[in-house]
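Below: one structure, written as structure tokens.
The values are calculated or read from the model by the stated rules, or taken from the named source; none is laboratory data. Remember, predicted model here, so these are calculated numbers, not experimental data. Counting neighbours? That spans all protein chains shown, and the Cβs are built from the backbone with ideal geometry, glycine included. Quick note on the areas: whole protein, heavy atoms, side chains included, nothing else; ligands and nucleic acids left out. Shrake-Rupley method; radii C 1.70, N 1.55, O 1.52, S 1.80 Å.
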Amino acid sequence: MILEVDFMKKRIVSILCILTLVLSISVINFPVTTHARTITVNTTSALQTAVANASPGDVIVLADGTYHNAGKITLQNYNGTADNKITIRAATPGGVVFTGKVTIYIKGNHLVFRDFHFNSVQFQTGDAETSVIKLYGSSYCEISNNYFYNCGNATNMGVENASSYGVYTHMIKIANGSTHNTISHNTIQKSISISIALVVTNDYDNSYNTIAYNYFKDIPKVTDIWGNVSGGNGMECIQLGQGDLGSVSCHTTVKGSLFENVIGDQAEVISVKCSDNIIYGNTFRNCDAGLVLRCGNNNIVDSNFMFNTKGIRVYENNHIIRNNYVAYGDVGINIDGGNNSSKHYASNGVQVINNTLVYNRSFGIVLNGSRYSNPPENTVVYNNFVMNDSGTAIKNYSSINSSYAANLCQITAPGAQGVSTGVSKTSVAFMTLSGELYRPSSISSLIDKGVEVDGLTLDMDGQVRTGRPDCGADEYSTDSVENAPLTVYDVGPTDKWWLCGQPGSYYNLDGNVDSYIEAEWFESKGNYTNIINDSNRSGGKYIEISEDAGDNKSSVYTSYTLNVTNGGTFYVWAHGNGPDTSSDSIKIQVDDGEYVTIYQNAGRWHWEKSQGTITLEDGIHTFKVCDREDGTWVDKLFFTKSSSASPTISGIPLVPVR
């Protein structure tokens, strides 16, 4: 009897254990399986409906075509998740072209808006939000891989207040409680409004957004577009904040973007008017404007590259300016004073640490460069390196309690040193020109000459600083480079669709400079000419003349318009290949003239020079790559006047202008 009772107890315990296990399994949060759909629509009204009804993971596709005067479009859905975003895209990248008047509201969570082409778009007349795309109360959304050309409002819409003019309107606006969004890999060219704006207000939290890997190009001068309606102000590429709310913390990251040929208001490429932001790893080329911390506190400007640009100008408090490489401009870094009546408040507690300033005409570093009545205070200038052959390396017009240590200068007459305390001259810094950057050699006098600075762990390359820091932005190292000056390959839509087959595009080709052109970045093409994706090729693509095209067909070509200066006689090289020896040559032609052959020799990708030369006089020319043997592959072109020049596959290409 005792044994039977024990047996029953054991059975009851076993049953209870099984029940406990079953209940435990029932409450485990297994991933939710979604059955994502791809839904194709062919009107903007159907697009709005499809987005509103979308489930997590759905892809909403707008059919290719031109959508003119589409008006107000609201894309609203809060059902997306981090693992199952809702994607809104063009059927093919760039295949949907918006023209005329349109305003797109993106309202939701985890929405992706991508692959659209905006051509000469203005925001919808009468819409109070004055933007082409507005993130409105959105979180974790992405705007990516889009191309904006010549967009922005060109009229004042009949409103007399200057603030309503297009110069103060926006291409993309982040507002009304939008956080943790990403705007990336877009190209914005010839914008006539502010390109990307973060609205700063006490009413909404618009924090922790990221603006990354975008390409801003050919932004015109404000007064050329608008006259003097705004006093020449406006049309910044990126505007973080407006007005006097600089103390609002926004935690925006602006990184990895390229700014090229930007004029705008001739002051600000990036305007920062809020606090706690990071500006990292961007490249500025040939910009008649600069990076301005206009107001706010605790911003970090780190590891940016600036060439022939107006440099960095700083106001207000406790910013860190470090590891930046600023070359060939007028002023490298200006830690400015202030004038309260003009709402420019003097900088205070700014650290200028480990920057490299190369051949800036007036100053490498200047304190109170604008000579305001209220000078900067408590500025720290440590470990910087200045090369100059004109102007002054480090200049202090006026300041209070400034500190200098371990700054080195290499000066060539008539350049001057300026500040003497904490600044030393070196006759030869042993710098080497590597690509477009001066770097310390292994015997450089910059090595280990800096002082320790809290928070200084990396250099401009993203390499670890070891021991005492070197002076300047670059720590001598043989480690791999993680951050470098950007080119068109690194930014904008990832597959570069916006550069292929754009009518009206042309190249500015200067005969005094050896120049590269990507073969797939043509203006037009004939029959039997294909773009082939290949990550191993320059630009990720190459041109193929179809094997069934036939040989020497005049209708098989790619065409490029060249605007030539300093013309003359050129050799043309092609980087190419072919499947066999009967499919490995092309012909080139200028303005329907005589053909010149390039034999590419099948079996490997390599450079081959034209059998003869071409003549390109100053002016506009049509250059063609033509069919000689079908099946041939062409990756990249190289133009030079030199018979001994040697092209490289890493050569930076020209970017077509429209």
Query raised in the report: Is it the case that region 306-327 has a residue that's closer than 26 Å to V222 by Cβ and among the hydroxyl-bearing types (S, T, Y)?
Result: yes
Report summary line: Matching residues in region 321-339 (touching a residue at least 40 places away in the same chain (Cβ under 8 Å), within 18 Å of I279 (Cβ to Cβ) and part of a loop (DSSP other than H, G, I, E, B)) number 3
**Report entry** Answer from K624, K609 - the residue that is open to solvent by 10 Å² or more (accessible area, probe 1.4 Å), closer than 22 Å to G568 by Cβ and more than 33 Å from the chain's Cα centre (by Cα)
**Finding:** K609
Requested in this report: Could you pull out the residue among L499, L456 that is open to solvent by less than 20 Å² (accessible area, probe 1.4 Å) and of a type outside the set (G, A, S)?
Outcome: L499
Query raised in the report: Under the condition of being out of contact with any Ser or Thr (no Cβ under 8 Å at 6 or more places or on another chain) and of a type in the set (S, T, Y), which residue from region 423-450 is most open to solvent (accessible area, probe 1.4 Å)?
Result: S427
Query - Selected residue (criterion: farthest from S275 (Cα to Cα)) from residues of region 221-246 that are touching an Asp or Glu at 6+ places or on another chain (Cβ under 7 Å) and at pLDDT below 90 - result: G232
Report summary line: Result of the Cβ filter at 7 Å on region 541-567, keeping first residues that are within 18 Å of Y507 (Cα to Cα) and part of a loop (DSSP other than H, G, I, E, B) and partners that are among the small types (G, A, S) and open to solvent by less than 20 Å² (accessible area, probe 1.4 Å), at least 6 apart or interchain, is N566/G511; G567/G511
Report summary line: Picking from D580, D591, D534, D514, the residue that is within 25 Å of G651 (Cα to Cα), free of Cβ contacts under 8 Å to residues at least 60 places away in the same chain and of a type in the set (D, E) would be D534
Report task. Quick one: which residue in I88, I73 is open to solvent by less than 30 Å² (accessible area, probe 1.4 Å), assigned to a strand (DSSP E or B), in contact with a Leu (Cβ under 9 Å, 6 or more places away or on another chain) and over 22 Å from H180 (Cβ atoms)? Result -> I73
Requested in this report: Would you point out which residue out of G651, G576, G567, G619 is farther than 25 Å from G501 by Cβ, open to solvent by less than 30 Å² (accessible area, probe 1.4 Å) and not polar (S, T, N, Q)?
Outcome: G567
Query raised in the report: In region 266-278, is there at least one residue being under 21 Å from V491 (Cα atoms), open to solvent by less than 10 Å² (accessible area, probe 1.4 Å) and among the β-branched types (V, I, T)?
Result: yes
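The rows are residues; the columns are (1) outside any loop (DSSP other than H, G, I, E, B); (2) aromatic (F, W, Y); (3) in contact with a Phe, Trp or Tyr (Cβ under 8 Å, 6 or more places away or on another chain); (4) modelled with pLDDT of 95 or more.
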residue: Q417; (1), (2), (3), (4): yes, no, no, yes
residue: A429; (1), (2), (3), (4): no, no, yes, no
residue: D474; (1), (2), (3), (4): no, no, yes, yes
residue: S477; (1), (2), (3), (4): no, no, no, yes
